[in-house]
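Scroll down for the structure; my scribbles are underneath it.
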Amino acid sequence: MMRRKLERVTEWLLCASEQVAPEYLQLPVAGKEELEYRERVYCYELYHRWRCHWPEDFRFSLSGEVDKSGHRRIRQAYKPDFLVHVPGQMKNLLVMEVKPGNANLAEMWNDLKKLTYFRRDLPPENGQPGNYFAAYFWLYGLLLKEWPTLRMKLLSAQPSPEFDQALVSCFIHESPATRALQVSWE
């Protein structure tokens, strides 16, 4: 049942990726010739486009930047970019972190550790697991041909049990008006 819901949510997300216009992927900045990647600008537009596909009767809701510090079951002060969950309950479908393809490795690595935490390390309560069913690491503005090199850098940067590639799916949104694609850690 959760797998089916995740498939629906993922399809809406992939459709939304096709609708992101160029000025949201890279922002024109006054006084600069080069466009800049601005994660918040991209995320707000992706959220908007994704939310437009969301049916009103769907049980799970899409939330952006929910601050988890002070949550009684989450020991880390994390603020994921996107959550698909039932607010007020520990019914969690998807946690997602977003980074531009030119972000530094340390920032990417921290997101991968965070996603692993949400999938694996949340403490159970009343016999119920607190984990998220799925975790997505979403890169935008990265060419698919650049993924193998970045993947190797990420996997060799800080080998640690804090990141488990089996628990985190990766997607790349190369350019405006294109559909993001899932890529492999292998």
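Remarks
- Residues that are in contact (Cβ under 8 Å) with a residue 24 or more places away in the chain and either part of a helix (DSSP H, G or I) or touching a His at 6+ places or on another chain (Cβ under 6 Å) (or both), drawn from the stretch 12-32: W12, L13, L14, C15, A16, S17, P22, Y24, L25
- Across the stretch 165-186, the number of residues qualifying as surrounded by fewer than 17 Cβ atoms within 10 Å (Cβ to Cβ), assigned to a loop (DSSP other than H, G, I, E, B) and either of a type outside the set (S, T, Y) or at pLDDT below 95 (or both) comes to 4.
- For the stretch 79-121, a tally of residues being in a strand (DSSP E or B) and farther than 26 Å from E174 by Cβ returns 4.
- Subset of the stretch 142-157 (residues that are in a helix (DSSP H, G or I), surrounded by 13 or more Cβ atoms within 10 Å (Cβ to Cβ) and touching a Leu at 6+ places or on another chain (Cβ under 9 Å)): W147, L150, L154, A157
- One residue alone among A30, A77 is loosely packed, with under 12 Cβ neighbours inside 10 Å, among the aliphatic types (A, V, I, L, M), in contact with a Gly (Cβ under 9 Å, 6 or more places away or on another chain) and modelled with pLDDT under 95, and that residue is A77.
- Where A106 falls short, out of the listed (1) touching an Asp or Glu at 6+ places or on another chain (Cβ under 9 Å); (2) modelled with pLDDT of 80 or more: (1)
The values are calculated or read from the model by the stated rules, or taken from the named source; none is laboratory data. Predicted, not measured: the structure shown is a model, and the values here were computed from it. Note: ideal-geometry Cβ built from the backbone for every residue, glycine included; neighbour counts use all protein chains shown.
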